[in-house]
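Scroll down for the structure; my scribbles are underneath it.
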Amino acid sequence: MSRDQKAIKTVKFNNEIKKSELKMSEINKNAIKVCCTTCPKECVVTVFLEDGLLVNVEGQGCKRGEKFAQKEIITPERTLTSTVMVECGGKLLLLPVKTAAPIPKKEMALAMNTIRQTKLTGPCRMGDVVIPNVCGTGVDVVACRSIKENDHAC
Ligand code: SF4
């Protein structure tokens, strides 16, 4: 790879990244290994850094792996799944919920606390917004199934 090509591929690396945030990564001197979870193949992608700059990505089975690895290092995101308590027809029911899109990993604990403190009154339908804009992420927490008055209690 020529120096010009290398320069084009170079992406400014976020200095605020904490190594502890890279849970699924194996940190080497100038290389970080990331497991791509975009598809079941789960390629181990190696990201090479030079002076804090991302200079190359290897090991990906397709282009999506390169994009995933860059995002995983700079702003990792995950879809959060959990349950909330719903009072419906005099019974307490557990409603499975999830974020409608991935949210930043650093907001996961706060979002989880918000979900834990949420209690709803039923009935509700699959896809209903349970918590709008959770923790200011711009992403809603939505119901993963419907709850009717004649559903069994948990
Ligand atoms: S790099 Fe491509 S093939 Fe490999 S796990 Fe990611 S999406 Fe799948």
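The values are calculated or read from the model by the stated rules, or taken from the named source; none is laboratory data. Note that this is a predicted model, so its numbers are computed, not measured. Using ideal geometry, Cβ is built from the backbone for each residue, glycine included, and neighbour counts are taken over all protein chains shown.
Annotation note: of 107, 58, 72, the sole residue that is within 16 Å of the ligand (Cβ to nearest atom), surrounded by 17 or more Cβ atoms within 10 Å (Cβ to Cβ) and not basic (Lys, Arg) is 72. For segment 79-99, filtered to residues that are loosely packed, with under 14 Cβ neighbours inside 10 Å and within 14 Å of the chain's Cα centre (by Cα), the residue that is nearest to the ligand (Cβ to nearest atom) is 79.
Search segment 36-55 for residues being more than 12 Å from the ligand (Cβ to nearest atom) and at positive phi, and hand back the single one that is modelled with the lowest pLDDT. Give the steps one after another, and end with the answer.
Quick first cut of segment 36-55, residues more than 12 Å from the ligand (Cβ to nearest atom) only: 47-55.
Still in the running and at positive phi: 51-52.
Working: 51: 78, 52: 72.
If we take residues in segment 36-55 being more than 12 Å from the ligand (Cβ to nearest atom) and at positive phi, then 52 is modelled with the lowest pLDDT.
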